[in-house]
Amino acid sequence: DDVGGWINRISPCFIEPGGNRFVCHRPSRVNCGLASVTLGKSCTTKTTGTHVGAGGQSNDEERSGGVDFGHICPKTCNLCPFEQRIFTREVFSSLHDLIDELLRLPVLIGKRGLMSITFLDGEHIGYDEAIQMLNETKPGLVINYQETNHTSIAYRAMIRTLKSLMGSATVIELTPMWNSVGAHSADMVYQIREALQKSQRLAEKNDGVKWKIYFEGMAPIIMDLKTEMYKSAPYFMLLAMVVVVLVLTGLSFQSATIGLRLLITVAFSLLWVFGIMTILLQDVTIPGSQKDGLHFIVPIMNIPVLVGLTLDYDLFLLVRIHEYRMEGFSSQDATMAAMYKTSGIITVAGLVMLTAFSALISSDLFILKTTGLLIVLTCFIDTFIVRAWLVPALLMVGVEWNWWPGRVPKVTRRCVVVE
């Protein structure tokens, strides 16, 4: 298959599919001798008229037609780099079984989405048929494109991309009829890997073919990355969030309960935000959505940012409430006074963040679009719902127990509402 002739720069000859002819585009006594010593076979070359034995010895002979080696690489030869391990009846039979198994998978691939040296245009190709088509289009042959079977030409072109030059490996291309890197790609990866393992066992059992099958592509790479990330990242993030919130609030407010209340507000915001995103992506289907949910990297990247935004605005309010309580106001009056003093600045800060990140929503890159939506929704919910309603409501539960076990002064001042 060395149409370009570049293989001769690193190796003088190579074997054609079928294993019965050794082709040298630049035959010479040296080239033929090197090949003979390497393979332990003899050859003839019409260019030099030389016969070279297995040991490299040579004798002048008549010119012959081509470089014929017979069956140069038998199946027992494991060291021969030119052995055509792929173009054998046993491998073709095993590949047929594998392709049938892939086509029967619940995930829809479709016949037109599968291509192999044994499968072209939705039809199986037998070993004899493949050899015949390769002989009709072999290198150096003048091809009449009007008379030659176009399937043979297409098969020759496909062989160049799906088979290694030395014939020791082949590729099966899978092109699903849907987004292969979407949220549902996990099912496809699991099913294909299971089918490959099954076919590998059956090929060795039924046809005696010992092969190694590798599943490559963006879908398995992303699936493996997702599996490794979600194996530990969510637990470490949750642990870090809980420890940081409880420790920092405990040290700042000298309270064991304020941290728990903050965790409730954080959980409230995140649950609402991801719930709304699920509706937008899977039910409403905003532009760019394929009803396959969030990309797996988006929550991992954005949850720390969302937690920071939620805690930021809530702490603005809680710090002011704590200041008023330490000045002698009751917890109820301190909450009202703090709401009155900070509502304007917190609302403006929330609107600034909301406006700044809303630019991401217009991005054509869907990961950036969903990132922008997550941050905008978090800013809106935390600014106008959590900070305005949930935080004050939680502080009214327990009232003075909010500051336990820390000490706060007795109530000496009152907050009066003047109409």
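The values are calculated or read from the model by the stated rules, or taken from the named source; none is laboratory data. All figures in this text were calculated on a predicted structure; none of them were measured in a lab. A quick note on method: Cβ atoms are made from the backbone with ideal geometry, for glycine too, and the neighbour counts reach across all protein chains shown. Areas reflect the complete protein model, heavy atoms only, side chains present, ligands, DNA and RNA absent. Shrake-Rupley method; radii C 1.70, N 1.55, O 1.52, S 1.80 Å.
The listed residues 229, 277 rank as 229, 277 when sorted by accessible area, largest first, using a 1.4 Å probe. Sorting 284, 305 by accessible area puts them as 284, 305; the probe is 1.4 Å, largest comes first, and only protein heavy atoms count.
Which FRET efficiency value, to the nearest 0.05, do you get for residue 150 and residue 112 by plugging their Cβ-Cβ distance into 1/(1 + (r/R0)^6) with R0 = 22 Å? After rounding to 0.05, the efficiency reads 0.80.
Over region 336-388, accessible surface divided per residue gives 47 Å², non-protein components excluded, 1.4 Å probe.
Within the assembled protein chains, the solvent-accessible surface assigned to residue 244 is about 80 Å², based on a 1.4 Å probe. The magnitude of the dipole of region 272-358, with charges of +1 and -1 set on the Cβ of Lys/Arg and Asp/Glu and taken from the Cα centre, is near 80 debye. The accessible-area ordering, largest first, of the residues 323, 101 stands as 323, 101, per a 1.4 angstrom probe.
Split the accessible area of region 357-406 by element, probe 1.4 Å, and carbon with sulfur accounts for 80%. The share of C-alpha pairs in region 217-317 whose separation exceeds 15 Å stands at 70 percent. The figure for residue 345 is an accessible area of roughly 110 square angstrom, using a 1.4 Å probe on the protein chains alone. On the beta carbon distance between residue 414 and residue 267, with R0 = 30 Å, the FRET formula returns roughly 0.30. For region 274-419, the residue among 375, 406, 282 whose Cα projects farthest onto the positive side of the dipole built from Cβ charges is 406. Each peptide in 120-127, 234-241 receives the mean, over its residues, of other Cβ atoms within 10 Å, and ordering these scores from highest gives 120-127, 234-241. At the residue level, residue 245 shows approximately 10 square angstrom of accessible surface with a 1.4 angstrom probe and all protein chains present. Along region 297-308 the Karplus relation, 6.51 cos²θ - 1.76 cosθ + 1.60 evaluated at θ = phi - 60°, assigns HN-Hα couplings of 7, 5, x, 4, 6, 9, 4, x, 5, 5, 4, x Hz to successive residues, with x for each Gly and Pro.
Suppose each label sits 7 Å from its Cα in the direction of the beta carbon; what would the residue 260-residue 204 distance come out to in nanometres? Calculated label separation equals 5.7 nm.
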